[in-house]
Amino acid sequence: MAEGREATDAVAERPVELAYRHTVDDLAAAIRTRAKTTRAGLFRRRLRIFTLVVTAVGFLLSTLGDGHRDTPWLLYLALAFVAFMTAVPRLQARQLHRLSERQGDFRVVVDETGIRLTTAHSSGTLDWHLYPRYVETRSCSCCSAPTSPPSASSSCPSAA
């Protein structure tokens, strides 16, 4: 029985090594995943839903009105706002991808002490106490500090 536990402990202590190159889709998934776990992301989501509901009600009231049909420019503006807010993660991902492309391939070692990240032009070590939040989806693993901007988050394709 003790031998089984020792083998399990040895596997748990072995670092996980990843080598990858960011894609726009990976970065967009990381930004969306992070937005689901932060206050600002939740606020933006609620604002987008609120704007969409108010726009739908305004559109219904303008079409079911007294027959006087002016062009509802404010409603069009609200729809444009919702469309823009929906596209923001993709736009951010494209900007981050431009920066990431300059770094080349990423090599990451994850162990109990933290994350060691190495690229063609830089390297760094991230301690776990700096990144208390961790979210993993089917396509993405995302570690982020509670108040960091999306560009300060560490994201990579899922090891699974």
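The values are calculated or read from the model by the stated rules, or taken from the named source; none is laboratory data. Just so it is clear, the structure is predicted and the values come from calculations on it, not from any experiment. Quick note on the areas: whole protein, heavy atoms, side chains included, nothing else; ligands and nucleic acids left out. Shrake-Rupley method; radii C 1.70, N 1.55, O 1.52, S 1.80 Å.
Data for the structure
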| read-out | value |
| --- | --- |
| Overall dimensions of the stretch 49-135 by Cα: Rg and Dmax, Å | 23.2, 68 |
| Solvent-accessible area, 1.4 Å probe, carbon plus sulfur percent, for the stretch 15-98 | 66 |
